[in-house]
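J.: Quick one: structure below, then a few questions.
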Amino acid sequence: MDKNGATLQFYHFLSIFIIINLSFSYCKAIEDHKEVYVVNLGGHSNNNINGVAKTLSEIEENHHSYLLSVKETEEDAKASLLYSYKHSFNGFAALLTPQQASKLSEMEEVVWISKSEPDKYTMHTTRSWEFSGLEENERIVNSNNHFGHMPADLLSKARYGEQVIVCGQNQRALVTKEWDQFQNHGREYLIGARYYLKGFEQYYGRLNTSEDYRSPRDKDGHGTHTASTVAGRTVHGASALGGFANGTASGGAPLARLAIYKVCWAIPGKQKAVGNTCFMEDMLAAMDDAIADGVHLMSISIGTTKPVNYSDDGIAIGALHAAKKNITVVCSAGNSGPGPGTLSNPAPWILTVGASSVDREFRAPVVLGNGQRIMGETVTPSKLRRKLYPLAYAADLAKPGVSRTNASLCLENSLSPEKAKGKIILCNRGNNSRVGKGKVVKQAGGVGYILGNDKASGGEVPCDAHFLPATALTYNNAMKVLKYIMSTKNPRAYIMPARTVLHTKPAPSVAGFSSRGPNVIEPNILKPDITAPGLNILAAWSGGDSPSKFSSDIDPRIVKYNILSGTSMSCPHVAAAVALLKAIHPTWSSAAIRSALMTTAGLTNNMGEGLSDETGGLANSFSYGAGYFRPAKAADPGLVYDASYVDYLLHFCNSGLQGADKSFKCPPNAPSAMELNYPSLSISKLVKTITVKRTVTNVGNAKSVYFFESKPPLGISVEASPSLLSFTHVGQKKSFTLTVKARSELLENKNSTKEYSFGWYSWLDGNHVVRSPIAVSLA
């Protein structure tokens with residue numbers, strides 16, 4: 001072999017060695033890569049020694065022992081532990097390699113293990129109380145009022161929520177003796193606060209305190225907004241920037257107390273307008289503490305970005321353990337609508353809330369050069385001089401090399417300053433924030449901005465405090481403006497200043513962003529449960545953030561109140577109603593309170609018509625659940641559908657998950673989800689006929705008789721046996737069966753749709769209408 005050949009062979013051998021070595025290093029890197037995992041050990045029934053409960057330190061040591069079994073040293077085991085969940089449930093969050101997590105999952109004591117993911121959870125941000133019937137004799141003038149006028153005695157009967165402590169997620173709610181030490185100092189609005197960021201810092205590194213406070217203090221605005229919606233004190237002369245929605249503001253339970261549990265944080269290097277992040281392990285620690293603190297109610301305006309199984313859902317796990325302590329957990333359904341199967345927080349032990357509108361608009365029409373006036377909405381204080389300006393479609397103003405699609409959305413650096421200067425610009429909704437589009441227009445030299453809804457958003461118009469004169473249009477109105485631009489040689493327009501208009505019709509309607517059913521985790525549990533005001537809601541705001549949620553170098557404006565939209569806003573409305581019901585009915589279970597709200601919900605708007613969606617067409621139970629919440633009615637529901645912690649464990653068993661509570665063993669044949677005593681009925685893939693059982697508890701008149709009535713889904717019959725329920729005392733329970741049958745003509749029709757159809761059934765006694773929604777699809 002010559003020298004060159006030997007050299008070639010050497011290099012060939014060397015390259016093989018390097019490839020093998022690199023492969024080994026890559027595999028080793030994967031093996032050594034550590035991520036946060038939540039290890040669930042079930043309930044605390046196994047945390048005792050000879051019948052004596054373990055101390056908190058002994059429980060933590062027990063968790064260390066599990067880690068030591070997969071770690072090389074005791075120091076590594078202790079350093080890897082982020083949280084030890086030792087109050088309401090048994091488990092821990094730790095830094096593990098995939099191999100270590102797999103080894104732990106094989107242990108008999110481990111129920112399940114779930115990996116933490118940074119983008120899994122997010123906050124659900126988008127005239128409410130009077131509109132919802134929660135104002136005492138017009139006590140609140142305008143600012144956030146929501147549905148008719150409530151009997152004057154409801155708020156006073158509930159003592160305005162006094163002694164109810166609302167614990168925040170950035171907002172959850174509670175009442176407890178354990179907080180008496182704080183209450184002795186007077187009627188404080190805020191009685192305690194904690195923060196949780198170990199999971200956040202494990203992923204992102206140490207918190208940048210220029211982006212968020214390393215404390216429970218709110219630098220985002222979301223937590224302040226949601227907390228004040230539940231329990232804000234009465235404030236006269238409250239309004240958004242520019243004086244919009246001026247009036248007297250108040251939370252739904254204005255004498256309730258707040259305890260804040262901050263779990264969501266600014267994403268490093270990104271504007272808050274993009275959103276925040278919340279880690280499962282941090283939320284579980286907060287919920288574990290809140291349960292131990294003795295909370296009565298949690299209001300959580302957070303959810304997953306897509307539906308996930310119960311075992312991988314920290315909120316569902318924490319809420320299950322809260323249910324054991326009879327704590328009502330209210331959660332937002334999410335802002336991923338209007339597509340089907342998009343909702344989060346679907347567990348039946350959670351009260352899941354969609355979002356709808358109120359009877360208030362902030363009208364700012366666009367006047368076109370041809371004299372046509374197109375209605376829009378905004379809460380932008382900036383005004384144009386009263387004259388017509390050149391009008392253009394953003395797609396026609398694209399920079400060289402930028403697609404028309406990107407330019408039409410007014411994405412960052414997509415518009416040509418030479419083409420945009422001095423114009424009012426129409427931008428399509430989608431992909432980036434609504435306020436962010438206006439920033440792009442202003443940076444390109446535009447003098448005004450029109451936001452045109454996409455088809456999916458339809459008639460839903462969220463209002464924002466933009467950087468320049470602006471208004472937002474429904475899809476149909478945006479198409480009118482676009483048609484004018486396309487058909488006119490020199491299109492011109494003027495955006496009129498906005499004004500607050502009350503008693504608008506129709507209202508309420510379901511917001512297009514509100515996430516929809518069916519429940520993809522368990523189709524036989526109907527979700528959402530209910531809807532409440534979530535579109536253009538005024539509430540308090542943090543001085544640490546601008547109204548647009550852009551940094552101060554971009555938006556230096558500071559406000560005390562702000563208008564937002566989202567199921568994050570509807571969730572605390574229902575939480576406040578729960579707080580009042582708990583004050584009036586302290587012995588009711590969390591399931592009974594949910595039932596009271598659902599079975600008394602409204603199905604008609606202020607025109608006496610059925611609730612509509614963003615298209616203007618009729619909405620259904622996959623968008624509004626049982627209907628629009630009516631707190632005054634819920635205080636006296638007549639009958640309630642109750643459920644216990646054991647019922648929820650049985651549902652867990654039916655979901656194929658066992659060991660959530662070590663003291664409970666799943667039966668060989670767990671009841672189906674349809675058998676859960678829920679105030680609604682969902683039947684997925686009905687085959688001919690099915691019969692389910694329900695039980696109601698009398699909480700109304702001692703002696704009463706209820707008659708059955710139904711409006712079944714199209715092609716379906718619904719019969720109750722018995723069809724008459726007679727009660728002799730309060731607290732008495734009566735069971736009945738519901739037989740749901742597909743009519744023969746529907747089964748024989750090969751072209752019949754497999755889509756869901758909707759209806760309801762009710763029990764009536766002359767004073768109460770106890771209504772439950774029905775959703776049915778055929779197999």
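The values are calculated or read from the model by the stated rules, or taken from the named source; none is laboratory data. Please read all numbers here as calculations on a predicted model, not as lab measurements. Glycine gets a Cβ as well: all are built from the backbone with ideal geometry, and neighbour counts include every protein chain shown. SASA here: full protein model, heavy atoms, side chains in, ligands and nucleic acids out. Shrake-Rupley method; radii C 1.70, N 1.55, O 1.52, S 1.80 Å.
J.: Within the set of other residues whose C-beta is less than 12 Å from the C-beta of Asp282, count the net charge using Lys and Arg as +1 and Asp and Glu as -1.
T.: Once all neighbours under 12 Å are counted, the net charge is 0.
J.: In the neighborhood of Asp661, defined by Cβ-to-Cβ distances under 14 Å, what is the net charge if each Lys or Arg adds +1 and each Asp or Glu adds -1?
T.: Cβ neighbours under 14 Å give a net charge of +2.
J.: Could you work out [θ]222 nm for the chain from helices alone, using -39500 (n - 2.57) per DSSP H run of at least four and dividing by all its residues? Round to the nearest 500 deg cm²/dmol.
T.: Calculated from helices alone, the mean residue ellipticity at 222 nm is -7000 deg cm²/dmol.
J.: Here is a follow-up. Which value, in debye to the nearest 20, gives the size of the charge dipole of region 35-115 about its Cα centre, when Lys and Arg are +1 and Asp and Glu are -1 at the Cβ?
T.: 240
J.: Any idea which of Val481, Gly223, Cys331 is furthest toward the positive side of the dipole for the chain, if Lys and Arg beta-carbons carry +1 and Asp and Glu beta-carbons -1?
T.: Val481
J.: Which residue, chosen from Thr73, Ser84, Leu96, occupies the Cα position most advanced towards the positive end of the dipole of region 35-115, where the dipole is computed from +1 (Lys, Arg) and -1 (Asp, Glu) charges on Cβ about the Cα centre?
T.: Ser84
J.: Residue by residue through region 553-558, which ³J(HN,Hα) values in whole Hz follow from phi under the Karplus form 6.51 cos²θ - 1.76 cosθ + 1.60 (θ = phi - 60°), with glycine and proline marked x?
T.: Coupling constants for region 553-558: 6, 9, 10, x, 5, 10 Hz.
J.: To check my understanding: the extent here is largest minus smallest coordinate of the Cα atoms along each principal axis. What are those three numbers for region 677-778, in Å, largest first?
T.: 50, 21, 19
J.: Choose one of Gly448, Leu764, Asn519: the residue whose Cα lies farthest towards the positive end of the charge dipole of the chain (beta-carbon charges +1 Lys, Arg; -1 Asp, Glu; about the Cα centre).
T.: Farthest towards the positive pole: Gly448.
J.: Suppose all protein chains stay in the model; what accessible area per residue would a 1.4 Å probe give for the chain, in Å²?
T.: 40
J.: Turning to a different aspect of this structure: Which ³J(HN,Hα) values in Hz, rounded to whole numbers, follow from the phi angles of region 263-275 under the Karplus curve 6.51 cos²θ - 1.76 cosθ + 1.60, where θ = phi - 60° and Gly and Pro get x?
T.: Values, residue by residue: 10, 10, 9, 5, 6, x, x, 10, 5, 5, 4, 6, x Hz.
J.: Could you work out the local net charge near Thr737, counting Lys and Arg as +1, Asp and Glu as -1, over the other residues with Cβ closer than 13 Å to its Cβ?
T.: So the environment of Thr737 carries a net charge of +2.
J.: Sort 758-768, 205-215 by the packing proxy (mean of other Cβ within 10 Å over each peptide's residues), most packed first.
T.: My ranking of the peptides, most packed first, is 758-768, 205-215.
J.: Hey, another quick one. Report ³J(HN,Hα) in whole Hz for each residue of region 380-389, in order, from the Karplus equation J = 6.51 cos²θ - 1.76 cosθ + 1.60 where θ = phi - 60°; Gly and Pro get x.
T.: Listing the rounded values in order: 8, x, 5, 10, 8, 5, 6, 7, 7, 10 Hz.
J.: What is the distance, in nm, between label points placed 7 Å from the Cα along the Cα-to-Cβ direction at Glu75 and at Asn309?
T.: Placing both labels 7 Å along Cα→Cβ, they lie 3.9 nm apart.
J.: Measure up Lys423/Lys560; Lys71/Lys262; Lys421/Lys489; Lys387/Lys560 against 24 Å on the Cα-Cα distance and list the ones that go over.
T.: Lys423/Lys560; Lys71/Lys262; Lys387/Lys560
J.: At 0.36 nm per residue, and after removing the present C-alpha to C-alpha distance, how many nm does the segment from Met375 to Cys666 gain when stretched out fully?
T.: 98.9 nm
J.: Right, next: Only four residue types carry charge here, +1 at the Cβ of Lys and Arg and -1 at the Cβ of Asp and Glu. Report the dipole size of region 361-499 about the Cα centre in Debye, rounded to the nearest 20.
T.: 500
J.: 5 Å is the cut-off here: which amide hydrogens, built 1.01 Å from N in the peptide plane, fall below it relative to Tyr449, excluding neighbours closer than 5 in sequence?
T.: Amide H neighbours of Tyr449, under 5 Å, 5+ apart: Ile425, Ala470, Thr471.
J.: Express as a percent, rounded to the nearest 5, the fraction of DSSP beta bridges in region 361-499 (both residues included) that run antiparallel.
T.: Antiparallel bridges: around 50 percent, rounded to the nearest 5.
J.: Please report the carbon-and-sulfur percent of the accessible area for the chain; probe 1.4 Å, protein heavy atoms only, DNA, RNA and ligands left out.
T.: Ligands and nucleic acids excluded, carbon and sulfur reach 52 percent.
J.: What dipole magnitude, in Debye to the nearest 20, does the chain give about its Cα centre under +1 on Lys/Arg Cβ and -1 on Asp/Glu Cβ?
T.: Value, rounded to 20: 2860 debye.
J.: Let me ask something else. Where both residues lie in the chain, what percent of DSSP beta bridges are antiparallel, nearest 5?
T.: Antiparallel: roughly 70 percent of the beta bridges in the chain.
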